[in-house]
Amino acid sequence: MNYDFSEILETIRMTEIEHFDIRTVTLGISLRDCHDRSLEVTKQKIYDKILRYGKLHVKNAKEVEAQYGISIANKRVSVTPISIPFDSFKMDDFVEIAKTLDKAAEEIGIDYIAGFSALVQKGMTNGERELIKAIPYALSQTKRVCSSVNIGSTKAGINMDAVNMMADAIKLAAELTKEKDSIGCAKLVVFANAVEDNPFVAGAFHGISEPEVVLNVGISGPGVVLDAIKEAGNVDLQQLSEVIKKTIYKITRAGELIGRKVAEKNGVPFGIVDISLAPTPAEGDSIADILKAMGVEDVGAPGTTAALAMLNDSVKKAGLMASSSVGGMSGAFIPVSEDMGMIRAVQAGNLSLEKLEAMTAVCSVGLDMIAIPGDTPASTIAGIIADEAAIGIINDKTTAVRIIPAYGKKVGEMVDYGGLLGLAPVMEVRNLSSKGFVGRGGKIPAPMRSLTN
Amino acid sequence: MNFTENDIRRITFETINELGSNAAPDVVKEAVRKKVEASTTAPFDAVKKDSISGRVILTSFGLNKPGIVAAITTALGNANCDIQDLSQKILVDFFTMIMIVDITNSKKDLKEIQEEMYKTAASLNIKIYLQHEDVFRYMHRV
C-alpha cells in the first residue's frame, strides 16, 4: 500500500476528532469596474458582479468538502475597499451600497462579506471620510457586511485623525447595535499594516493590487497542534518546535489542496493560503489551551509571550516550507471571545488587556474581539488603537483592534453573540485619560528602519 | 463564469464583423448567446469529469462482527469500483480496514458512492470514511 496505516489514521483523526478544518475559503472580487455616476446603476453593477462570480461559491466548496472529507467552516467573499471605486459618493450612498452588499451576500448564501473598507494611513480623500462616517450606520443596518479601516503603516506612520474618527465610529456602532450586545463592533476592524490578501473576515478586503477575482484560503487547526503537543510529552523546546512544525506542515498542505480545488471549481485563480491558527469557541479548538499545554499555568502567566512567540514562529516556518503561496496574516490569532481558554483566563482574572497587548507584539493580528465597558470614552479607545498601531508599525507587522465597548455593560458582565463570534467577558480598562495625547491629532511620523533597539 | 463584460463586448464586435451587412440586432444577440454558451459549457464538463475520477481511500473501523468486509465489498462491487489495495487489522474486538479504491470506471460519482457507503456503515453500526487520495498524498508526501 502507498500509505501507512498510521498515516491514514492520523489524517482521519485530525479531521474527525481534532477539529481540523479549513476555516475559510474567501472569494476576492474586484469592484473597481462597478462605478457609475448614478447610485442605482452602481448598486446594480455591484450586485450583478458579486452574483456572477459568487453564485456557485458555496455549492462548489461543499462539493470539495465531501470529496476530501475535510470540512470548510466558512465560505465568504471579500471585495475591493468600497471607498476606492466609489469615492465620489456621500455617507448615505455608502450605507445604500452596504445594503446592496448585504443583499448580494444573502443571495449567494454566505454569512459575511468583507471590504466595506478604507485605507487612510497617510491621509483621507473626501470619499474615505464619508465612508468612515457611514460605517456605524452600515453595520447596524446590515447583517453580513464587515468593515475595516487601515490607519497606519510602517511606511506612512499613524494617521491620528483617522484613529480618532475610528474611535468615534466604534462608539457609535456600539450604541446603534445596543440591543444585540453591540454586535456592530464585532464586524469592524482597525488595522495598521493591513494585508491585501487576508482571507479572514472581518478584516478581509480584496486589495488594490489583486487580480479581477481570486480565491484565498485560511486554515485552522489549534486542536491538531494541541493534541500533537500533548502527545509529545516532556520534551525540550527545540523538540517541541519540531512537533509544531510537522503538524502545521501537514495541515498547510491540506489547506492548499482544498483551496486550489475550490478555485478550480469556481474557475478562478488560486491566491494564497493563510496559515493562521484560528481558534473557535469549540472545546479544544483553542490557542490558550496550546499555550497551557506548552507549560504556562494559564494565559497571562509570565512566559506566555515567549510561548506564543515560539508557537507563531514555528507556524510560519512550517507553513512556508509546505506551500509556495503563503500569504495573508499567517500567525496565531488570539481573539478573546472566540477562544474558550482565553475567556476562562479573563474570567479568572489571569489575563489583562495589557498582557494581551504584549502578546500581540509577537503574534498575528492584535486586540481581537475584546469587550470593554460601554462607558469607556472614545479618547481611551483611540489610545488603545494608537498603542496597537504603534506595535505594528515599529515591528513591521500587521496589528488590528476589534474592540467592543459593550453598550450599558460593566466589568464582569458578558456579551454573547453565539456561533463563531462566541462570547466575551467585559474586561477592565485603565481609568486614565489619553485625551491630551490623542486629541492633538495630526500624524505620528513613519518610524526609522535602522538603529532598531 | 469566466466572462467579463469586456469579453462579451469583444465577442459581440467579432460577431458583427463576421455577419457583415446581415448584422441585425436580433441576429447578433442570438449568435452571441450561442457563442457564450458553447464556450462556457466546455470547461464545466472538464471540471465535472475530474471530480468523479481517481482513487479514493476508504477507512472503516468499529466493533468486529461477521459480514463487514462482505457488505463493504459488495457495495463497492455493485458500484463498479475497483479495489486496488486492502489492508486490515483486528485489535481484540476492534477491526480497522483501509482500502484504496479506484472509482474511475464507476457509473456513480464520489458523492453517490459516499452516500451508499454511509448507509452501509449505519446498518453495520461502524464508521466508514471516503476521502480522495490527494489529501493523503499532500499531507504525508513531500
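A few comments on the model shown:
- Single residue of region B:118-137 satisfying the filter (part of a helix (DSSP H, G or I) and open to solvent by 60 Å² or more (accessible area, probe 1.4 Å)) that is farthest from the other protein chains (Cβ to nearest Cβ): B:S123
- A:V235 being over 22 Å from the mean Cα position of the chain (by Cα), part of a loop (DSSP other than H, G, I, E, B) and farther than 24 Å from A:K397 by Cα: yes
- Selection over region A:148-158 of residues that are on the phi < 0 side of the Ramachandran plot and touching a Lys or Arg at 6+ places or on another chain (Cβ under 6 Å) gives a count of 1.
- Only one of A:A282, A:A301 that is open to solvent by 10 Å² or more (accessible area, probe 1.4 Å) and at pLDDT below 95: A:A282
- Verdict on B:A71 being at pLDDT 85 or above, open to solvent by less than 60 Å² (accessible area, probe 1.4 Å) and not in a strand (DSSP E or B): yes
- Test for A:I82: is it of a type outside the set (D, E) and in contact with a Gly (Cβ under 7 Å, 6 or more places away or on another chain): yes
- The one condition from (1) over 23 Å from the mean Cα position of the chain (by Cα); (2) open to solvent by less than 10 Å² (accessible area, probe 1.4 Å) that A:K59 does not meet is (2).
- Residues that are modelled with pLDDT of 95 or more and under 18 Å from the mean Cα position of the chain (by Cα) number at least 2 in the following strands (runs of 3 or more DSSP E) confined to region A:347-425: A:367-373, A:399-406.
- Test: residue in region B:23-42 that is farther than 30 Å from A:I29 by Cα, at pLDDT 80 or above, of a type outside the set (A, V, I, L, M) and in a loop (DSSP other than H, G, I, E, B): no
- Scan of region A:255-275 for residues that are small (G, A, S) and within 14 Å of chain B (Cβ to nearest Cβ), ordered by number: A:G255, A:G259, A:A263, A:G267
- Answer from A:T247, A:T252 - the residue that is in a helix (DSSP H, G or I), within 14 Å of chain B (Cβ to nearest Cβ), under 15 Å from A:I290 (Cα atoms) and open to solvent by less than 40 Å² (accessible area, probe 1.4 Å): A:T247
- None of A:I70, A:I17, A:I82 is open to solvent by less than 30 Å² (accessible area, probe 1.4 Å) and within 12 Å of another protein chain (Cβ to nearest Cβ) except A:I70.
- Listed by first and then second residue, the pairs with beta-carbon distance under 6 Å, at least 6 apart or on different chains, first residue in region A:414-436 and farther than 19 Å from A:T177 by Cα, second open to solvent by less than 70 Å² (accessible area, probe 1.4 Å) and of a type in the set (G, A, S), are A:S434/A:S379; A:S434/A:G383; A:K435/A:S379.
- Scoring A:M359 on the criteria (1) of a type outside the set (D, E, K, R); (2) open to solvent by 10 Å² or more (accessible area, probe 1.4 Å); (3) out of contact with any strand residue (DSSP E or B) (no Cβ under 6 Å at 6 or more places or on another chain) leaves a single failure, condition (2).
- Matching residues in region A:200-226 - criterion: being part of a loop (DSSP other than H, G, I, E, B) and either of a type in the set (G, A, S) or more than 16 Å from A:M369 (Cβ to Cβ) (or both): A:A202, A:G203, A:A204, A:F205, A:H206, A:G207, A:I208, A:S209, A:E210, A:P211, A:E212, A:G221
- For region B:1-30, a residue qualifies if it is of a type in the set (D, E, K, R) and either loosely packed, with under 12 Cβ neighbours inside 10 Å or more than 14 Å from every other protein chain (Cβ to nearest Cβ) (or both), and the qualifying residues are B:R9, B:R10, B:E14, B:E18, B:D26, B:K29, B:E30.
- Some residue of region A:205-213 being within 14 Å of chain B (Cβ to nearest Cβ), farther than 30 Å from A:A446 by Cβ and either modelled with pLDDT of 95 or more or in contact with a Pro (Cβ under 7 Å, 6 or more places away or on another chain) (or both): yes
- Residue within region A:219-233 that is within 18 Å of A:S325 (Cα to Cα) and within 14 Å of another protein chain (Cβ to nearest Cβ) present: yes
- Test for B:I52: is it open to solvent by less than 80 Å² (accessible area, probe 1.4 Å), within 16 Å of the chain's Cα centre (by Cα), modelled with pLDDT under 80 and of a type in the set (V, I, T): yes
- Being closer than 19 Å to A:V79 by Cα, surrounded by fewer than 16 Cβ atoms within 10 Å (Cβ to Cβ) and at the interface with chain B (Cβ under 10 Å from one of its Cβ atoms) is a property that A:D48 has.
- Matching option when the condition is part of a helix (DSSP H, G or I) and either without any contact (Cβ under 8 Å) to a residue 24 or more places away in the chain or of a type outside the set (S, T, Y) (or both), among A:D161, A:D197: A:D161
The values are calculated or read from the model by the stated rules, or taken from the named source; none is laboratory data. Keep in mind the model is a prediction, meaning the values are calculated, not measured. Note that we place each Cβ from the backbone using ideal geometry, even for glycine, and neighbour counts take in every protein chain shown. To get the accessible areas, we keep the full protein, side chains included, count just its heavy atoms, and leave off ligands, DNA and RNA. Shrake-Rupley method; radii C 1.70, N 1.55, O 1.52, S 1.80 Å.
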